[in-house]
1. What pairs can you find where one residue is in region 277-306 and in contact (Cβ under 8 Å) with a residue 12 or more places away in the chain and outside any helix (DSSP H, G or I), the other is surrounded by fewer than 20 Cβ atoms within 10 Å (Cβ to Cβ) and small (Gly, Ala, Ser), and their Cβ atoms are less than 9 Å apart, with a gap of 6+ or different chains?
2. Can you work out which of the residues in region 1-35 that are in a helix (DSSP H, G or I) and among the hydroxyl-bearing types (Ser, Thr, Tyr) is farthest from residue 173 (Cα to Cα)?
3. In region 28-54, which residues are under 18 Å from residue 258 (Cα atoms) and within 15 Å of the chain's Cα centre (by Cα)?
4. Could you go through region 73-94 and let me know if any residue there is at pLDDT below 85 and under 17 Å from the mean Cα position of the chain (by Cα).
5. Test of understanding: among 114, 54, 94, which residue is of a type outside the set (D, E, K, R) and at positive phi?
6. In region 141-154, what residues are among the hydrophobic types (A, V, I, L, M, F, W, C) and more than 20 Å from residue 257 (Cβ to Cβ)?
7. Which one is surrounded by the most Cβ atoms within 10 Å (Cβ to Cβ) among residues in region 209-257 that are of a type in the set (Ser, Thr, Tyr) and assigned to a helix (DSSP H, G or I)?
8. If only one of 220, 267 is farther than 25 Å from residue 353 by Cα and under 19 Å from the mean Cα position of the chain (by Cα), which one is it?
Amino acid sequence: MPVWQRNMYILWIGVFLTGIGLSMVTPFLSLYINTLGHYSKSMLSLYSSLAFSGSYLTMAIASPFWGRLADTKGRKKMIVRAGLAMGVAFFLMGLVTNVWQLILLRAIQGALGGFTSNANALIASETPIERSGYSMGIMMTGSTAGTLLGPLIGGVLADTVGYRFSFTLTGGLILAATVLVIFWVKEEFSPKAKEEQQTLSRKEVFAMLPYPRVMWGFFITTMMIMAVNQSINPILALFVQELTHNANNTAFLAGLVAATPGVASLIFAPQLGRLGDKYGTSKVMLSGFILGVIVFLPMGWVSAVWQLAALRFFVGITDSTMMPSIQTLITKTTPHEVVSRMFAYNQSFQSLGSVAGPIIGAVATGLFDYQGVFIISALIIGINGLWFHHNTKVLRQDGIA
């Protein structure tokens, strides 16, 4: 088995375990915050948004630095560094006594994180270009399969043994994934490339790209995708709680609803990756934008949890067409010696979108109730689809996308 393929399978397990850990606490984070004090609905939405967005803001700032280190020191080292830091941060989150301690630890987790993005960069740098769509699709199934199981496990744990143990278990899973990387991932890293990268500025790195303007367009597309994905997360448990009229199993149902996009991604991401390799990545991605607009518009008017879960299943299909496709296009248009920095910049814009999304969700909820979140999300998806179609015109002409 080629080294890149063996690494892909091992890192699949790593991002799977990390995905379980990170998503395990997402559905009930707002409910956990509610146990740390007595807050009104608006204050709870605000604190939830800060807790969600704080980690992504610090990640956006720190990612380019870690990306440069990955290209000079090695991607495996950055995966291990991120795994150790995130594992400890989540363990401490289970010990907080007020909401500001939780927000601070979330910010630290974001600044020192990046396990999945560095794993994707390592695989992208070693995979044959003709298999890039396939490998990115496989890697996405790892994170989305973890995202699928995490909310279910977290919901059950929250309803049975409490919220705090879920944070402890999250830290343990991330540390277990790090141990896998330490002992079984082998990176083919060139010391010569390391020495060359130490002298390259950001301007010089982008000068190496065949399509630098298109690359910036990819970053903007990623930011908008994540803004939509994250806009509902801070209020998802509260929305489910409203639909179920404060049922006792709200945390479990919120976990179930949060997991449904992961089911779709697990099923469709590899197949859509292969279709992109065969027929064109941009065609697959544009179909996802169209489906996204259709799915998000009715979501605010559901009257039952099963309806929300069904629509979010189709959200998972749209995600399967978007994030792996962007990563595939970045891989195809980036020299291997600077691929970590491009993935790091993409991670920064992804994090900026994850900062903007919860803020959009909180503001829209305050002004228009929950329905406003989904209408604004559909509008952003439509604009993003038009932008992506315009931005990738030159790649379609050159037969790349």
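1. Listed by first residue and then by second, the contacts come to 280/399; 302/310.
2. Result: 30.
3. Hits for region 28-54 are 52, 53.
4. No, region 73-94 contains no residue that is at pLDDT below 85 and under 17 Å from the mean Cα position of the chain (by Cα).
5. 114
6. Residues satisfying the conditions do not exist here.
7. That would be 231.
8. None of the others qualify; the one that does is 267.
The values are calculated or read from the model by the stated rules, or taken from the named source; none is laboratory data. The structure displayed is predicted, hence computed values, not measured ones. Quick reminder, even Gly has a Cβ in these numbers, built from the backbone with ideal geometry, and neighbours come from all protein chains shown.
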